[in-house]
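Participant: Before anything else, here's the structure in question.
The values are calculated or read from the model by the stated rules, or taken from the named source; none is laboratory data. Every value quoted in this text rests on a predicted model; they were computed, and no experiment measured them. We place every Cβ from the backbone using ideal geometry, glycine too, and count neighbours over all the protein chains shown.
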């Protein structure tokens with residue numbers, strides 16, 4: 001048994017020693033025979049053609065030991081991929097580390113991949129011949145830029161559209177596009193980029209469209225420098241998986257622009273355009289309006305090929321007999337037209353005839369080369385006194401009873417009628433009581449029916465909500481509808497007084513303050529007490545006066 005254990009110990013020692021010797025020899029072999037080899041997949045190559053550089057070291061080295069910074073001087077360099085392998089073949093132990101790097105030459109010529117040092121092992125330099133890229137070859141970057149200028153002859157201050165269309169059939173990344181430029185030229189992008197898949201010459205492209213508005217500020221001839229596209233395209237080799245980011249630098253063609261000066265004969269604000277439209281709209285369209293009631297004037301100016309900054313500032317001089325509330329102009333862009341919409345709320349103060357001013361805008365027709373003007377006509381209003389509606393009263397016409405007449409010449413014969421006269425009298429009394437009750441009930445229903453019109457929940461709530469929002473235009477419109485209902489004169493006078501205070505605050509030239517709390521409380525109390533107040537007023541006018549009872 002003791003001998004058996006000794007044999008086991010000897011066997012274990014022998015195996016350990018053998019492994020130690022093998023690793024020692026492997027290490028000595030690696031130290032003695034560490035070699036590095038570099039090869040390329042293609043030679044010669046074309047400009048921007050991706051080819052692969054393979055570097056192999058037959059030893060156990062760190063994956064970060066390869067420095068590829070020297071390659072970036074003449075080539076576009078992709079991200080390296082690293083792999084390692086350990087082999088035991090025919091009693092020989094070997095290790096290999098391999099790097100694969102995608103490369104692409106920037107320009108034609110002969111360039112050298114320098115010797116690379118990996119932990120003391122050096123590769124042999126490789127001379128690579130780079131040919132001029134063939135435009136029809138698949139290696140050529142398929143990115144195209146087209147430009148167009150709507151008009152190449154302008155006046156100073158006149159705008160036109162510069163449009164770029166970029167056709168991309170590559171994996172383009174990190175791209176940026178500069179705007180066209182020229183001394184004395186104002187450039188502004190219009191809207192967002194438009195993206196669309198299109199087919200051009202039988203090939204599918206992503207088309208990106210960008211539009212600029214260009215406005216010359218000086219006259220003469222100027223050259224618009226084209227836009228520049230800068231980015232990178234990810235390219236892979238044809239027979240391997242390495243990829244390279246190839247830089248992209250494309251520039252659109254320059255365009256010559258001829259700019260005419262402002263004619264010496266033109267006076268006033270310079271507004272050059274091929275088309276100008278000036279419109280107005282009145283709400284309501286009637287030329288008769290009551291004092292205190294608002295009317296809305298909407299002025300729309302549409303100008304082609306003129307930037308927003310060059311549109312005129314419309315100021316109208318209104319008579320002192322009206323209050324004017326100007327809203328902030330709204331600007332838009334549509335089909336090459338810059339659109340300005342100005343909304344004014346006008347409130348006549350007193351009755352009479354009022355003429356609201358028109359507007360004339362002179363402009364220069366750049367198509368015909370002549371001065372023109374567009375105008376909107378004035379409006380004459382007939383202002384009537386403020387409308388008031390009184391509470392309708394319920395008529396109490398007396399009930400007329402036709403008198404009964406008796407002919408004195410009639411002969412009356414009295415006979416014994418038995419019990420029937422008493423029965424008839426009882427039926428007559430019952431019929432009279434029923435008829436009287438029906439008349440009273442019917443009359444009371446006719447008197448009480450206006451209570452339903454008093455409630456008018458929709459109009460009252462609309463006015464309450466408008467006052468709560470403190471919006472003068474909504475309050476005026478809601479008040480106009482509210483006063484058409486039957487309200488007690490005291491309530492109507494109080495509400496009218498608050499509306500007039502609001503108008504004085506919101507529309508007069510003098511700065512005053514108005515608090516909507518009082519009007520809110522007034523409307524809230526009015527809505528809650530309408531039914532009760534109306535019934536109380538009805539009781540004051542009985543159907544039959546007491547002195548006639």
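Participant: Are any residues in the range 354-370 in contact with a strand residue (DSSP E or B) (Cβ under 6 Å, 6 or more places away or on another chain) and part of a strand (DSSP E or B), and if so, which ones? Step through it out loud before you land on a result.
Facilitator: Keep residues of the range 354-370 that are in contact with a strand residue (DSSP E or B) (Cβ under 6 Å, 6 or more places away or on another chain), which gives 354-356, 358-366.
Hits for the range 354-370 are 354, 355, 356, 359, 360, 361, 362, 363, 364, 365.
Participant: I'm trying to understand the selection: among the residues of the range 334-350, which are surrounded by 13 or more Cβ atoms within 10 Å (Cβ to Cβ) and out of contact with any helix residue (DSSP H, G or I) (no Cβ under 8 Å at 6 or more places or on another chain)?
Facilitator: First, the residues of the range 334-350 that are surrounded by 13 or more Cβ atoms within 10 Å (Cβ to Cβ): 336-349.
Of everything in the range 334-350, those that are surrounded by 13 or more Cβ atoms within 10 Å (Cβ to Cβ) and out of contact with any helix residue (DSSP H, G or I) (no Cβ under 8 Å at 6 or more places or on another chain) turn out to be 336, 337, 339, 341, 342, 343, 344, 346, 348, 349.
Participant: Out of 257, 177, 172, report the one residue that is under 32 Å from the mean Cα position of the chain (by Cα) and at pLDDT 90 or above. If you could, list the steps in order and put the result at the bottom.
Facilitator: Numbers: 257 fails: under 32 Å from the mean Cα position of the chain (by Cα); 172 fails: at pLDDT 90 or above.
Step by step, each of 257, 177, 172 is checked, and only 177 is under 32 Å from the mean Cα position of the chain (by Cα) and at pLDDT 90 or above.
Participant: Return the residues of the range 298-313 that are over 21 Å from residue 274 (Cβ atoms) and surrounded by 14 or more Cβ atoms within 10 Å (Cβ to Cβ); say none if nothing qualifies. Spell out how you get there, then give the answer.
Facilitator: Quick first cut of the range 298-313, residues over 21 Å from residue 274 (Cβ atoms) only: 298-299, 313.
Once the filter is applied, which keeps residues that are over 21 Å from residue 274 (Cβ atoms) and surrounded by 14 or more Cβ atoms within 10 Å (Cβ to Cβ), the range 298-313 yields 298, 299.
A quick yes/no check of all residues on (1) modelled with pLDDT under 70; (2) closer than 30 Å to residue 142 by Cα; (3) surrounded by 16 or more Cβ atoms within 10 Å (Cβ to Cβ):
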| site | (1), (2), (3) |
| --- | --- |
| 25 | yes, no, no |
| 30 | yes, no, yes |
| 62 | no, no, no |
| 66 | no, no, yes |
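Participant: Could you check, for the range 186-196, whether at least one of its residues is at pLDDT below 90, loosely packed, with under 13 Cβ neighbours inside 10 Å and either touching a helix residue (DSSP H, G or I) at 6+ places or on another chain (Cβ under 9 Å) or part of a strand (DSSP E or B) (or both)?
Facilitator: yes
Participant: For residue 353, are the conditions met, namely being within 30 Å of residue 302 (Cβ to Cβ), at pLDDT 90 or above, outside the structural domain of residue 485 (by TED's automatic domain parsing) and loosely packed, with under 12 Cβ neighbours inside 10 Å? Show your work before the answer.
Facilitator: Numbers: within 30 Å of residue 302 (Cβ to Cβ): no; at pLDDT 90 or above: yes; outside the structural domain of residue 485 (by TED's automatic domain parsing): yes; loosely packed, with under 12 Cβ neighbours inside 10 Å: yes.
It is false that residue 353 is within 30 Å of residue 302 (Cβ to Cβ), at pLDDT 90 or above, outside the structural domain of residue 485 (by TED's automatic domain parsing) and loosely packed, with under 12 Cβ neighbours inside 10 Å.
Participant: Looking at (1) within 24 Å of residue 266 (Cα to Cα); (2) out of contact with any helix residue (DSSP H, G or I) (no Cβ under 6 Å at 6 or more places or on another chain), can you tell me which one residue 287 breaks?
Facilitator: For residue 287, the exception is condition (1).
Participant: Within the range 208-221, does at least one residue satisfy the condition of being on the phi > 0 side of the Ramachandran plot, assigned to a strand (DSSP E or B), more than 31 Å from the chain's Cα centre (by Cα) and outside the structural domain of residue 337 (by TED's automatic domain parsing)? Please lay out each step first, then the result.
Facilitator: Taking the range 208-221 first, the residues on the phi > 0 side of the Ramachandran plot are 220.
Filter once more, keeping what is assigned to a strand (DSSP E or B): 220.
Those left that are additionally more than 31 Å from the chain's Cα centre (by Cα): 220.
Right, trim to outside the structural domain of residue 337 (by TED's automatic domain parsing) and you get 220.
Looking through the range 208-221, at least one residue is on the phi > 0 side of the Ramachandran plot, assigned to a strand (DSSP E or B), more than 31 Å from the chain's Cα centre (by Cα) and outside the structural domain of residue 337 (by TED's automatic domain parsing).
Participant: Could you pull out the residue among 67, 62 that is in contact with a strand residue (DSSP E or B) (Cβ under 9 Å, 6 or more places away or on another chain), under 30 Å from residue 249 (Cβ atoms) and touching a residue at least 40 places away in the same chain (Cβ under 8 Å)? Please lay out each step first, then the result.
Facilitator: Details: 62 fails: under 30 Å from residue 249 (Cβ atoms).
Every option except 67 fails the conditions.
Participant: When the residues of the range 488-542 are filtered to those that are at pLDDT below 65, within 37 Å of the chain's Cα centre (by Cα) and in a helix (DSSP H, G or I), which remaining residue is nearest to residue 290 (Cα to Cα)?
Facilitator: Step one: list which residues in the range 488-542 are at pLDDT below 65, which gives 506-512, 528-542.
If we keep only those that are within 37 Å of the chain's Cα centre (by Cα) too, we end up with 506-512.
Those left that are additionally in a helix (DSSP H, G or I): 506-507.
On the way: 506: 19, 507: 17 Å.
The extreme case among them is 507.
Participant: State all residues of the range 335-358 that are within 20 Å of the chain's Cα centre (by Cα) and free of Cβ contacts under 8 Å to residues at least 24 places away in the same chain; if no residue qualifies, say none.
Facilitator: Within the range 335-358, 335 is the sole residue that qualifies.
Participant: Any residue at all in the range 457-466 that's part of a helix (DSSP H, G or I), farther than 30 Å from residue 296 by Cβ, at pLDDT 60 or above and outside the structural domain of residue 348 (by TED's automatic domain parsing)?
Facilitator: Taking the range 457-466 first, the residues part of a helix (DSSP H, G or I) are 457-466.
Still in the list and also farther than 30 Å from residue 296 by Cβ: none.
There is no residue in the range 457-466 that is part of a helix (DSSP H, G or I), farther than 30 Å from residue 296 by Cβ, at pLDDT 60 or above and outside the structural domain of residue 348 (by TED's automatic domain parsing).
Participant: Output the strands (runs of 3 or more DSSP E) that fall wholly within the range 71-124 and possess 3 or more residues being under 21 Å from residue 61 (Cα atoms), over 59 Å from the mean Cα position of the chain (by Cα) and without any contact (Cβ under 8 Å) to a residue 24 or more places away in the chain, or say none. Lay out the reasoning, then the answer.
Facilitator: Working: elements: 75-77, 81-89, 92-105, 109-113.
Hits in the range 71-124: 81-89.
Participant: Let me ask another. Considering only residues that are within 30 Å of residue 145 (Cα to Cα) and without any contact (Cβ under 8 Å) to a residue 40 or more places away in the chain, which ones fall in the range 251-270? Don't jump to the end; show me each part of the working.
Facilitator: To start, the set of residues in the range 251-270 that are within 30 Å of residue 145 (Cα to Cα) comprises 251-260.
Selection gives 254 alone.
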